[in-house]
Amino acid sequence: MIEVRELKKSFGPQPILDGVSFGIEKGESLVIIGRSGGGKSVLLKHIIGLLRPDSGQVLIDNEDITRMNEHELIRVRSKFGMVFQGAALFDSMSVADNVSFALRRQKKFTPQEIARKVAEALDMVELPGIEKKKPAELSGGMRKRVGLARAIIYHPEIVLYDEPTTGLDPIVSDSIDKLIMRVTDCLKVTTIVVTHDMRSARRVGHRIVMLHNKRIYVTGTPEDIFTSTDPIVQQFINGIADP
């Protein structure tokens, strides 16, 4: 469903991605790991077409989005839902208005249809009946769930998560992981998760890719990665600083 081919990107003289290549099957849950500043979020922005590479290709359903104009990109982006690191909710809006933001801009649905879709999305993330609350009234975990409800309300084919468990305690993180897996299974979406949380990576990924030195260093199942004897992989997954 998604194929990245020899992707290269620099900001000024600083290379960030240097020949990144991998593919993602339809319905797969892929986790991207790697050190801070290693290009994970930059890679995510290329996949959704927010950044253009210096060279290489990003294919979504066999369409190369790196050659598309903005109008063509809008059509492809409609396949995506995005859950941002800090949930990125509008503090002045109610939960219902946050979740329905994209639908209201499309002006294709009646208020009654929008209200029904909001209720369905909030049920999916196990937050029924909070439509009238403001983001400030919610815990960190609840805000993440509302961000996910906003991402899935129009039933995207692909959902991207940028550090979904950052700043959450282990119990709430576990609940978010279970929710990611539930959404992947129930909605049959293709899932991409960028995370530093190794417990989360092990739970939600069908497959893990690790970025290192601006390239894909290793790819495999969670079992492959967490039993690897490679010293660079072991150093990262166990959180050991350079000597």
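The values are calculated or read from the model by the stated rules, or taken from the named source; none is laboratory data. This structure is a prediction, so every number in the text was calculated from the model and none was measured. Backbone-built Cβ (ideal geometry, glycine too); neighbour counts: all protein chains shown. SASA here: full protein model, heavy atoms, side chains in, ligands and nucleic acids out. Shrake-Rupley method; radii C 1.70, N 1.55, O 1.52, S 1.80 Å.
Could you please find all residues in the stretch 154-164 being touching a helix residue (DSSP H, G or I) at 6+ places or on another chain (Cβ under 7 Å) and either open to solvent by less than 10 Å² (accessible area, probe 1.4 Å) or aromatic (Phe, Trp, Tyr) (or both)? Reasoning before the result, please.
So the first thing to find is which residues in the stretch 154-164 are touching a helix residue (DSSP H, G or I) at 6+ places or on another chain (Cβ under 7 Å), and the list is 154-155, 159-162, 164.
Once the filter is applied, which keeps residues that are touching a helix residue (DSSP H, G or I) at 6+ places or on another chain (Cβ under 7 Å) and either open to solvent by less than 10 Å² (accessible area, probe 1.4 Å) or aromatic (Phe, Trp, Tyr) (or both), the stretch 154-164 yields 154, 159, 160, 161, 164.
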Quick check, is residue 55 at pLDDT 90 or above, surrounded by fewer than 17 Cβ atoms within 10 Å (Cβ to Cβ) and over 28 Å from residue 237 (Cβ atoms)? yes
Note: among 144, 132, just one is more than 27 Å from residue 46 (Cβ to Cβ) and among the basic types (Lys, Arg), namely 132
Does the stretch 188-235 hold any residues that are of a type outside the set (Phe, Trp, Tyr), surrounded by fewer than 21 Cβ atoms within 10 Å (Cβ to Cβ) and in a helix (DSSP H, G or I), and which are they? 198, 199, 202, 203, 222, 223, 224, 231, 232, 234, 235
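If I ask for residues that are charged (D, E, K, R), closer than 19 Å to residue 5 by Cα and not in a strand (DSSP E or B), which ones from the stretch 57-76 would you list? Spell out how you get there, then give the answer.
Of all residues in the stretch 57-76, those charged (D, E, K, R) come to 61, 63-64, 67, 70, 72, 75.
Those still in the list that are closer than 19 Å to residue 5 by Cα too: 61, 63-64, 67.
Residues satisfying the conditions are 61, 67.
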Within the stretch 2-32, of all residues that are over 22 Å from residue 236 (Cβ atoms) and assigned to a strand (DSSP E or B), the one least open to solvent (accessible area, probe 1.4 Å) is 2
